[in-house]
Amino acid sequence: MEIPSKYDSQKVEDQWYSYWMKHGYFNSVPDEREPYSIVIPPPNVTGVLHMGHMLNNTIQDVLIRRARLMGKNACWVPGTDHASIATEAKVVAKLKEQGIDKTDISRDEFLNHAWDWTHEYGGVILEQLKKLGCSCDWNRTKFTMDDDMSASVIKVFVDLFDKGLIYRGHRMVNWDPEAKTTLSDEEVIHEERQGLLYYLSYQIEGSDEKVTIATTRPETILGDTAICINPNDERYNHLKGKNAIVPICNRVIPIIEDAYVDIEFGTGCLKVTPAHDVNDKTLGEKHSLEVVDIFNEDATLNSYGLHYQGKDRFVVRKEISKELEELGFLIKTEPHLNKVGTSERTKAVIEPRLSDQWFLSMQDLAKPAIDAVLKDGEVKLFPKKFENTYRHWMENIRDWNISRQLWWGQQIPAYYYGDGQNDFVVAESKEEALKKAQQVVSSKGLDKALTINDLKQDEDVLDTWFSSWLWPISVFGGVLNPNNEEVNYYYPTNDLVTGPDILFFWVARMIISGYEYRNERPFENVYFTGLVRDKQRRKMSKSLGNSPNALKLIEEYGADGVRVGLLLSAAAGNDLMFDEALCQQGKNFSNKIWNAFRLIKGWEVSELPQPEASRLGIEWYTTKFNQTLLEIEDHFSKYRISDALMAIYKLVWDDFCSWLLEIVKPAYQKPMDATTFNAVIHLFEENLKLLHPFMPFLSEEIWQHIETRTPEEALVVAKWPEIKEVNKALIKEFDFTAEVISGVRTIRKEKNIAMKDALDLSLLNEQKVSKKWDVVIQKLTNVSSITYVNETVDGSLSFRVKSNEYFIPVGGAIDVGAEIKKITEELNYTIGFLQSVQKKLGNERFVSNAPEQVVAMEKKKAADAEAKIETLEKSLASLGS
């Protein structure tokens, strides 16, 4: 095949991805090989590729491609998440555009619209992942609302209910008034906001006396059902047993006593609103207070809001404070920094709300998962620092509110057969529910003939995380068929790559479900990526407009360029400061490798004896490759993926391209010996194997250009290099040789001596070095001869490597007079500089008063100047001055 002059990433990427798909390299079925499995963190079904996905999935692809090269049965399961809140919000918005309100259509009609939306926009992100080069087993693609996945969720719900771990309770929940659903505690983001503290006065019933309370939410006074004082607060002893009157609504409420009240906060009097504050609810239950809910589900006020009915809570806050001021009830306001809960999804301010919800008891379930990470080490977190976060969450775990007031999702399998709150059964199907309900009715001795039409299923759906916590089990059918071949072979999976922001939402819960349903870990290692931020350390977001179009980046820099650019700056668990220049660096690396390949294939090959320099170069690079391979394996074992890539990057760019190819390169228009050529091609192929997990397209393109290959010989299924013995002495010898070559090159550059002009090199050999490398030094520096001397060589330029001194007789190569003048000027300047520094150090006042590090810096300047003066004086002496 003719080798194109330039690497065309777009053409190459489409060609090889199609080739890989056609030959089924990504497909996996259980066999006798060691399995290596990863499950993708399922992105939202209607999502599009962003930088976080790019980083996360690049790392997964690196791991899966490497495992495939290592001969393991690599299985990467892709899929998407139904994302109840996000997807339902998008469908509701689309219906609104069509003039349709969700409340005006049936559940089934709405679900038809939701499925249409999912089919229209769903899965786009998976197609985009193919552009990135992700080698998933696409035949295994799962969706959390697939029939078998939903059946798994329902089966688990029924099982946990039967075990007494799922219960229904009337609780204070986190209510998202925009999504109109509850949220779990973990879905609420608490942020500090500047607000006001309102001081309001309440009339004491049957008296002219007033009592003042302080609140951040004056709109909720319409739901007040008590005022609470601390029984130990002597200021309010006279109020015990009395009643107060709520401003505006004129509700008469009792003044109660409870030690819960903080005497120091505000006025020491607390308004109690049991319907709208979790602590007030506790007080309300303790003192048997009335509960008055003043909000609708969208956080507008209901009929208890009186003339504010139908208005938004924040509008009412402004208006009611104005009315209270006009009526003389608002005494003053003060600035107040308040922690406000907001919805992770919609960003709406959360409203505490009393509601009937379904909960999963977590304390007992969490115990094996705590031990697995923190005690037994069965599940390892990378970086290890996240163990502290995990410990905090798991040891303070609260019951999980698993019900959501939505229609898109798995509908809770609870069926009501009577009018009582507890007249329900839980079953996997309506038919099974009817049998259970009939048994309950019969056991109660009720003469009631139930039919399937008498059953009414709970309206709520389950939290999306309640489906994704089963993901590593359910994608292999392990819930519905616990002993099937696939789950027994692929589970537990090996690695999970995800973000630390869902450590508790998803990772911890998967570990919990793994021990509950398989009695073993779901994965061995969890690698946490950092967040992708911009150069200004800001989180990438649509609103800031700082999130680049992922597909355009691939178009401009190539998938391999983007993958390298992301990974070179992505240390585990640390945020990535993304800069497009990184992608350019990745593209430059692609071009460097491509041009190296074109150089090699452009050499004419002949049956000639192998030059000694080439033999040495190949021997050195082979052992350097093995040393780097050891380093790479160590990095992978510690999930330092960026470090592994950087090691390969330096090996290929510096050692292979800059050193080996220069050592073996034949003279201009001269052929190369076949022995060297074949060895270089072999080493290039070994390089491509290391590069493939990171740069799959470029590496496969070059691999296929090297020689004609059968599908079985494709790079994607080649064999990862084996670790062989490292000759450290040889590497040390070459490192010394490289310093000598650099020394000669520096003199050529500084003195503007052309490479075509041959030089002589003399060596004062204090530290005995092997003469075998002289052939390499001569070739790479155009040195005609190297002589070993016992004393310095006059009329020469010199440099040192360790304790050895090298001399280059300048002869007619440079203007000696001009060189002496130049060195003398530099020497005089350096002497003057040293004198000024010594003067400063001789000033006792400066030394006594200046910071220690400043004095140390001045001393270093003096020492450096002295060393430089010594070198310059030697140079002058060698030039005969």
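Provide the FRET efficiency to the nearest 0.05 for the ALA581-ASN549 pair, computing r from the beta carbons and using R0 = 25 Å. It would help to have the intermediate numbers written out before the result.
On the way: r = 17 Å, r/R0 = 0.67.
The formula returns an efficiency of 0.90 here.
Helix-derived [θ] at 222 nm for the chain: sum -39500 (n - 2.57) over DSSP H runs of at least 4, divide by residue count, nearest 500?
On the way: 28 runs with 368 residues, N = 881.
Taken over the chain, the calculation gives -13500 deg cm²/dmol.
To the nearest whole percent, what portion of all C-alpha pairs in region 516-619 is separated by more than 16 angstrom?
Tail of the P(r) past 16 Å holds 73 percent of the pairs.
Can you compute the radius of gyration and Dmax for region 124-276, using only the Cα atoms, both in Å?
25.7, 79
Over the chain, what is the relative contact order in percent, taking alpha-carbon pairs closer than 8 angstrom and at least six residues apart? Could the numbers behind the result be given before it?
Numbers: 1455 pairs, mean separation 108.3, N = 881.
Worked out over the chain, it gives 12 percent.
Of ILE747, SER443, ASN549, which is farthest on the positive side of the dipole of the chain, counting Cα position, with +1 on Lys and Arg Cβ, -1 on Asp and Glu Cβ, and the Cα centre as origin?
ILE747
Once you've got the Cα coordinates, tell me which of LYS318/LYS339; LYS339/LYS367; LYS102/LYS339 are over 26 Å apart. It would help to have the intermediate numbers written out before the result.
On the way: LYS318/LYS339 19 Å; LYS339/LYS367 31 Å; LYS102/LYS339 33 Å.
Beyond 26 Å between Cα atoms: LYS339/LYS367; LYS102/LYS339.
With respect to the cross-link table entries LYS347/LYS385; LYS240/LYS271; LYS839/LYS874, which display a Cα-Cα separation exceeding 19 Å?
Numbers: LYS347/LYS385 29 Å; LYS240/LYS271 15 Å; LYS839/LYS874 25 Å.
The answer is LYS347/LYS385; LYS839/LYS874.
Where a Cα-Cα gap under 16 Å defines reach, which lysines qualify for LYS311, not counting those fewer than 8 residues away within the same chain?
Correct list for LYS311: LYS322.
When a/c is below 1.5 the answer is rounded, else prolate if a/b is larger than b/c, else oblate, so apply that to region 487-528 with a ≥ b ≥ c taken from the square roots of the Cα gyration tensor eigenvalues. Present the calculation step by step, with values, prior to reporting the outcome.
Numbers: a/c = 3.10, a/b = 1.45, b/c = 2.13.
Oblate is the answer for region 487-528, as a/c is 1.5 or above yet b/c matches or exceeds a/b.
Which FRET efficiency value, to the nearest 0.05, do you get for ASN296 and GLN15 by plugging their Cβ-Cβ distance into 1/(1 + (r/R0)^6) with R0 = 51 Å? Please list the in-between numbers first.
Details: r = 58 Å, r/R0 = 1.14.
Here the calculated transfer efficiency is 0.30.
Amide H to amide H, which residues 5 or more places from CYS75 or on other chains are under 5 Å from it, using H placed in the peptide plane?
Here the answer is TYR36, SER37, ILE38, since their amide H atoms fall under 5 Å of that of CYS75.
Just how far, in whole angstrom, is region 592-648 from region 287-364 if you go by their alpha carbon centroids?
Between the Cα centres of region 287-364 and region 592-648 lies a distance of 67 Å.
Evaluate E = 1/(1 + (r/R0)^6) for LYS638 and ASN279, where r is the Cβ-Cβ distance and R0 equals 45 Å; express this FRET efficiency to the nearest 0.05. Display every interim value, and only then the final one.
Values: r = 46 Å, r/R0 = 1.02.
E between LYS638 and ASN279, to the nearest 0.05, is 0.45.
Helix 816-841: angle to the longest alpha-carbon principal axis of the chain, degrees 0 to 90, nearest 10?
50
With +1 assigned to the C-beta of every Lys and Arg and -1 to the C-beta of every Asp and Glu, and no other charges, what is the dipole magnitude of the chain about the Cα centre in debye, to the nearest 20?
The dipole of the chain has a size of about 2220 debye.
What whole number of Å gives the distance from the Cα centroid of region 20-46 to the Cα centroid of region 476-529?
Using only Cα atoms to place each centre, the spacing works out to 15 Å.
For the chain, take the longest principal axis of its alpha carbons; what is the angle in degrees between that and the long axis of helix 9-22, to the nearest 10 within 0 to 90?
Orientation of helix 9-22: about 70 degrees from the principal axis.
Convert each backbone phi in region 485-499 into a coupling constant with the Karplus relation 6.51 cos²θ - 1.76 cosθ + 1.60 (shift: θ = phi - 60°), then list the ³J(HN,Hα) values in order as whole Hz, x for Gly and Pro.
4, 5, 5, 5, 8, 8, 9, x, 6, 8, 10, 10, 10, 7, x
Starting from the 7 Å offset along Cα-to-Cβ, what nm value, one decimal, do you get for the label separation of LYS448 and LYS772?
The answer from the label model is 9.4 nm.
What list of ³J(HN,Hα) values in whole Hz, one per residue of region 95-108 in order, does the Karplus curve 6.51 cos²θ - 1.76 cosθ + 1.60 (θ = phi - 60°) give from phi, with Gly and Pro shown as x?
5, 4, 4, 8, x, 10, 9, 3, 6, 8, 10, 7, 4, 4
Can you count the Lys pairs in region 662-775 whose Cα atoms are under 20 Å apart, with each pair 8 or more apart or on different chains?
12
Counting Lys and Arg as +1 and Asp and Glu as -1, what is the net charge of the other residues whose Cβ lies under 12 Å from the Cβ of GLN627? Could you put the intermediate results ahead of the total?
On the way: positive: LYS624, LYS650, LYS724, LYS728, LYS732; negative: GLU631, GLU633, ASP634, ASP655, GLU725, ASP735.
That sum, taken over residues with Cβ under 12 Å, equals -1.
What lysines could a cross-link reach from LYS444, if we take a straight Cα to Cα line under 28 Å and drop same-chain neighbours fewer than 8 places away?
LYS155, LYS163, LYS430, LYS435, LYS436, LYS456
Roughly to the nearest percent, how much of the accessible area of the chain is carbon and sulfur, given a 1.4 Å probe? Mind dumping the intermediate values first?
Numbers: 19570 of 40450 Å².
Looking at the chain in its full context, I get 48 percent from C and S.
Would you mind telling me the antiparallel percentage of the DSSP bridges in the chain, rounded to 5?
On the way: 64 of 94 bridges.
Around 70 percent antiparallel, to the nearest 5.
Describe numerically, in nm with one decimal, the distance between label points set 7 Å from Cα along Cα→Cβ at ARG398 and at LYS732.
Taking the two extended label points, one gets 6.2 nm.
Let me check against my output: what whole-number percent is the relative contact order of region 237-294, with C-alpha pairs under 8 Å and at least 6 apart? Mind dumping the intermediate values first?
Working: 53 pairs, mean separation 11.7, N = 58.
It comes to 20 percent, rounded to a whole number.
Among ILE786, GLN835, ALA850, whose Cα sits farthest toward the positive end of the charge dipole of region 770-881 (+1 at Cβ of Lys/Arg, -1 at Cβ of Asp/Glu, about the Cα centre)?
Farthest along the dipole direction, towards plus: ALA850.
Could you give the angle, 0 to 90 degrees to the nearest 10, between helix 386-395's Cα long axis and the longest principal axis of the Cα atoms of the chain?
20
Taking amide hydrogens as modeled 1.01 Å from N in the peptide plane, which residues meet the under 5 Å criterion relative to LEU531, leaving out close sequence neighbours?
ASP575, LEU576
Give me the dipole magnitude in Debye, nearest 20, for region 137-234 about the Cα centre, with unit charges on the beta carbon: positive for Lys and Arg, negative for Asp and Glu.
Working: 10 positive and 20 negative charges, 71 e Å.
Dipole about the Cα centre, nearest 20: 340 debye.
With the dipole of region 416-548 worked out from charges on the C-beta (+1 for Lys and Arg, -1 for Asp and Glu) around the Cα centre, which of ASN494, ALA433, SER467 lies farthest toward the positive end?
ASN494
Provide the gained length on full extension for the span LEU531 to LEU306, in nm with one decimal, where the gain is 0.36 nm per separating residue minus the Cα-Cα distance.
Details: separation 225, 0.36 × 225 = 81.00 nm, distance 4.71 nm.
Length difference between fully extended and current span is 76.3 nm.
Using only Cα atoms, what Kirkwood radius does region 762-821 have, in angstroms? Let's see the in-between values first.
On the way: mean 1/r = 0.0792 Å⁻¹.
After inverting the mean inverse Cα-Cα distance, the result is 12.6 Å.
Assuming a ≥ b ≥ c are the square roots of the Cα gyration tensor eigenvalues, decide whether region 320-477 counts as rounded (a/c under 1.5), prolate (otherwise, with a/b larger than b/c) or oblate. Before the final figure, lay out each step's value.
Numbers: a/c = 2.64, a/b = 1.18, b/c = 2.24.
Oblate shape, in that a/c is at least 1.5 and b/c is the bigger or equal ratio.
Need the full-extension length gain, GLN439 to SER784, defined as separation in residues times 0.36 nm minus the C-alpha distance. One decimal, nm. Before the final figure, lay out the partial values.
Values: separation 345, 0.36 × 345 = 124.20 nm, distance 10.25 nm.
Stretched out fully, the GLN439 to SER784 stretch lengthens by 113.9 nm.
Tell me, in nm to one decimal, what length is gained between SER803 and LYS840 on full extension, where the rule is 0.36 nm per residue of separation less the Cα-Cα distance?
On the way: separation 37, 0.36 × 37 = 13.32 nm, distance 3.31 nm.
Full-extension gain reported as 10.0 nm.
The values are calculated or read from the model by the stated rules, or taken from the named source; none is laboratory data. Only a predicted model underlies this, so the values are computations on that prediction, with no experimental measurement involved. Backbone-built Cβ (ideal geometry, glycine too); neighbour counts: all protein chains shown. We work out accessible area using only protein heavy atoms, side chains counted, and drop any ligands, DNA or RNA first. Shrake-Rupley method; radii C 1.70, N 1.55, O 1.52, S 1.80 Å.
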